[in-house]
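> Okay, handing you the structure first.
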Amino acid sequence: MLRVNNPYIDPAEERWYHLGFGPSDEVKVMFHDVKFVCMGGKDKRMEEYAKYLHQVLHEPENSVYEEGTKDLRNLSASAGRYCMYKVGSALSVSHGMGMPSFQILLNELFKLLAYAECEDVSFIRLGTSGGLGIEPGTTVVSKQGYSSMLKPYFTQVVCGKETNYDSMCDESLRSQLLACGKRLGTKIVAGNTMSCNGFYEEQGRLDGAMCTFTPEEKMAFLRKAHDECGIVNIEMETNMFAAMCNRFRVKGASICVTILDRMNGDAAGITEAEYKRRERQPLEVVAELIKSSST
């Protein structure tokens, strides 16, 4: 059973401000059967994913609907920060952009699901990324999250002090996702992921409003990341996410499609239709995992 490791809070007196609700008997019953938490950056993406999952799982009865309808209810609508939908034993939740937003969400999800006395829950981040030395459109299941300083751990600052935490993703969950992807015919690989606190300069992009480095410095950095650290994609969350899952002792996996190869430029140069097709790949793989676990 999930447990919160904090002696200073009373779970029954909590309120999860950014989710928009707090403890109650209704909440405990509603969330007690959760086995998968699927998280992505955009509200719209995770709303659409909830609807897709609802269809794939044949409208499971333990989904949460708007009263008197078959429309999935956004359980966090009142807070205005994230969206959250319950489809059977799965949650589809948006986490916003970057590690700070995502870490707030994880804290409150961990507390919520511990209060609901959930067991054996898998947390999965799914989204898009920039590739490094792999073909665009390849889906990556992360082995380990690296920082933008190319360190294989997440550094948490608390009260002015730094502590480093293990950022390895769960091996068994990664293996399951790889198997599901191959079963679907998806081009899918495992590799390390670099997470940055920004989209432009910290990722070595030359197309921001400011740039203080040369194209040669950019390429040296990207080559070092790929050749010395085994990094095959870049995004903004996995390093922290994996560390948080390890600290809370839950299974965590990150699966992201690569939109472009950053070795060849900073802009994807693809059509909107192709972007949507690639964006959907990780969602389909995770849906396959949930579906196979439900049968």
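The values are calculated or read from the model by the stated rules, or taken from the named source; none is laboratory data. Quick caveat: nothing in here was measured; it's all calculated off a predicted structure. Here the Cβ is made from the backbone with ideal geometry for all residues, glycine too, and neighbour counts use every protein chain on show. All accessible areas refer to the heavy atoms of the entire protein, side chains included, with ligands and DNA or RNA removed. Shrake-Rupley method; radii C 1.70, N 1.55, O 1.52, S 1.80 Å.
> Can you find a residue that is more than 27 Å from residue 157 (Cα to Cα), at pLDDT 95 or above and part of a loop (DSSP other than H, G, I, E, B) anywhere in region 93-113?
no
> Test each condition in (1) in contact (Cβ under 8 Å) with a residue 40 or more places away in the chain; (2) open to solvent by 10 Å² or more (accessible area, probe 1.4 Å) for residue 269 and report the one that comes out false.
Just one mismatch for residue 269, condition (1).
> When only residues in region 226-260 that are assigned to a helix (DSSP H, G or I), more than 23 Å from residue 281 (Cβ to Cβ) and touching a residue at least 24 places away in the same chain (Cβ under 8 Å) count, which is most open to solvent (accessible area, probe 1.4 Å)?
Taking the candidates together, the pick is 228.
> Now a separate question. Could you please find all residues in region 176-222 being assigned to a helix (DSSP H, G or I), in contact (Cβ under 8 Å) with a residue 24 or more places away in the chain and either within 20 Å of residue 239 (Cβ to Cβ) or open to solvent by 20 Å² or more (accessible area, probe 1.4 Å) (or both)?
176, 177, 178, 183, 184, 202, 203, 219, 222
> Hey, any hits in region 70-80 for a residue that's surrounded by fewer than 23 Cβ atoms within 10 Å (Cβ to Cβ) and part of a strand (DSSP E or B)?
Yes.
> Of everything in region 263-288, what is under 21 Å from the mean Cα position of the chain (by Cα) and under 25 Å from residue 231 (Cα atoms)? Give them in sequence order.
275, 276, 277, 278, 279, 280, 281, 282, 283, 284, 285, 286
> Another question, then. Within region 64-82, take every residue that is touching a residue at least 40 places away in the same chain (Cβ under 8 Å) and of a type in the set (A, V, I, L, M, F, W, C) and give me the one that is farthest from residue 34 (Cα to Cα).
79
> Please enumerate the residues belonging to region 104-119 that are under 16 Å from the mean Cα position of the chain (by Cα) and surrounded by fewer than 19 Cβ atoms within 10 Å (Cβ to Cβ).
Taking region 104-119 as the starting set, the residues that turn out to be under 16 Å from the mean Cα position of the chain (by Cα) are 104-110.
Once the filter is applied, which keeps residues that are under 16 Å from the mean Cα position of the chain (by Cα) and surrounded by fewer than 19 Cβ atoms within 10 Å (Cβ to Cβ), region 104-119 yields 104, 107.
> Continuing with this model, one more query. When residue 40 is evaluated against the numbered criteria (1) touching a Phe, Trp or Tyr at 6+ places or on another chain (Cβ under 9 Å); (2) under 21 Å from residue 237 (Cβ atoms); (3) surrounded by fewer than 17 Cβ atoms within 10 Å (Cβ to Cβ), which criterion, by number, is the only one it fails?
Just one mismatch for residue 40, condition (3).
> If you don't mind, there's one more thing I want to ask. Could you list, in sequence order, the residues of region 83-98 that are surrounded by 22 or more Cβ atoms within 10 Å (Cβ to Cβ), aliphatic (A, V, I, L, M) and either in contact (Cβ under 8 Å) with a residue 40 or more places away in the chain or farther than 16 Å from residue 63 by Cα (or both)?
84, 90, 91, 93
> Sticking with this structure for a sec: Are any of the residues in region 31-38 part of a helix (DSSP H, G or I), under 21 Å from residue 79 (Cα atoms) and modelled with pLDDT of 95 or more?
yes
> Which residue is most open to solvent (accessible area, probe 1.4 Å), if the candidates are limited to region 143-162 and must be within 11 Å of residue 235 (Cα to Cα) and assigned to a strand (DSSP E or B)?
146
> Within region 164-175, does at least one residue satisfy the condition of being part of a helix (DSSP H, G or I), without any contact (Cβ under 8 Å) to a residue 40 or more places away in the chain, open to solvent by less than 70 Å² (accessible area, probe 1.4 Å) and of a type outside the set (A, V, I, L, M)? Walk me through how you get there before you give the answer.
Of all residues in region 164-175, those part of a helix (DSSP H, G or I) come to 171-175.
With without any contact (Cβ under 8 Å) to a residue 40 or more places away in the chain added as a condition, the list becomes 171, 175.
Subset that is open to solvent by less than 70 Å² (accessible area, probe 1.4 Å): 175.
Checking which are of a type outside the set (A, V, I, L, M) leaves us with 175.
Checking region 164-175: at least one residue is part of a helix (DSSP H, G or I), without any contact (Cβ under 8 Å) to a residue 40 or more places away in the chain, open to solvent by less than 70 Å² (accessible area, probe 1.4 Å) and of a type outside the set (A, V, I, L, M).
> Go through region 43-59 and give me each residue that's part of a helix (DSSP H, G or I) and either in contact (Cβ under 8 Å) with a residue 40 or more places away in the chain or in contact with a Phe, Trp or Tyr (Cβ under 7 Å, 6 or more places away or on another chain) (or both).
43, 45, 46, 47, 49, 50, 52, 53, 56
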